[in-house]
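Student: Quick one: this structure, given as structure tokens, is what I'll be asking you about.
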Amino acid sequence: MPSLISLTFDDGFRCQFERALPILNNHGIPATFFLIADQQPTHESRRNEWWKIDWRNEDIAMLKKAVQEGHEIGSHSVTHDGAKMPRQPDFEARESKRLIENWMGTKISSFCYPFYRTHLYLSDAVRSAGYEQARMGMQNSYYALSAPLGFNVDCRQVSKNDID
């Protein structure tokens, strides 16, 4: 039975573009990169460990090239901050879309909920902001091709801890 596979990368870490993107391009595999829209050089919870896209001109040029190569850029909120997001869901959804669209010069249609369960309070804001679909990873679901996919698509996370 055929499967539908969507390869995604969250948080916009530089290593995803330095290491994974060339491999994906070499094999003709498209992916979606969900990026945090703040201009901080590191992820708040992983300060000085993992450098991320911080929207400098070189980043934007590289991201535009990735889109030309068949990849998608999506939003992963403005702050990715578990304490701030519940208090400002409309800002997280709308402002991340606005910022990324302005930098990229193209429509951003996909959103990925940070921390899996944030869809409980972000979903209405994400819909209202004009995204066409949003991804979450709460139930490790698999979908049959005949199953209709709704707005919130549940995905399975695979990490190096899942690989033997």
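Computed from the coordinates by the stated procedures, all read-outs in this text should not be read as laboratory data. Everything quoted here is computed from the prediction, not taken from an experiment. Glycine also receives a Cβ, built like all others from the backbone with ideal geometry; neighbour counts cover every protein chain displayed.
Student: Would you please put 21-32, 87-98 in order of how densely packed they are, using the mean number of other Cβ atoms within 10 angstrom per residue and starting with the highest?
Tutor: On the way: 21-32: 13.1, 87-98: 19.5.
Ranked by mean Cβ neighbours within 10 Å, highest first: 87-98, 21-32.
Student: For a quick protection proxy, order the peptides 11-19, 73-81 by their average other-Cβ count within 10 Å, most packed first.
Tutor: On the way: 11-19: 17.3, 73-81: 23.4.
Ranking, from highest mean packing down: 73-81, 11-19.
Student: At a Förster radius of 22 Å, what calculated FRET efficiency corresponds to the Cβ-Cβ distance of S109 and I60, to the nearest 0.05?
Tutor: Values: r = 18 Å, r/R0 = 0.83.
Efficiency, rounded to the nearest 0.05: 0.75.
Student: Next question. Taking amide H positions as placed 1.01 Å from N in the peptide plane, with prolines and chain starts having none, which residues 5 or more places from K52, or on another chain, fall under 5 Å of its amide H?
Tutor: The list, which skips near neighbours in sequence, is R14, T42, H43.
Student: Provide the gained length on full extension for the span E49 to Q133, in nm with one decimal, where the gain is 0.36 nm per separating residue minus the Cα-Cα distance. Walk me through the numbers on the way to the answer.
Tutor: Numbers: separation 84, 0.36 × 84 = 30.24 nm, distance 3.06 nm.
Using 0.36 nm per residue and subtracting the Cα-Cα distance, I get 27.2 nm.
Student: With θ taken as phi - 60° and the coefficients 6.51, -1.76 and 1.60, list the Karplus ³J(HN,Hα) couplings across region 96-109 in order, rounded to whole Hz; mark glycine and proline as x.
Tutor: 5, 5, 4, 4, 5, 4, 5, 5, 7, x, 8, 6, 10, 10
Student: Starting from 0.36 nm per residue, how many nanometres of slack lie between I5 and E69 once their C-alpha separation is accounted for?
Tutor: On the way: separation 64, 0.36 × 64 = 23.04 nm, distance 1.82 nm.
Difference between extended and current length: 21.2 nm.
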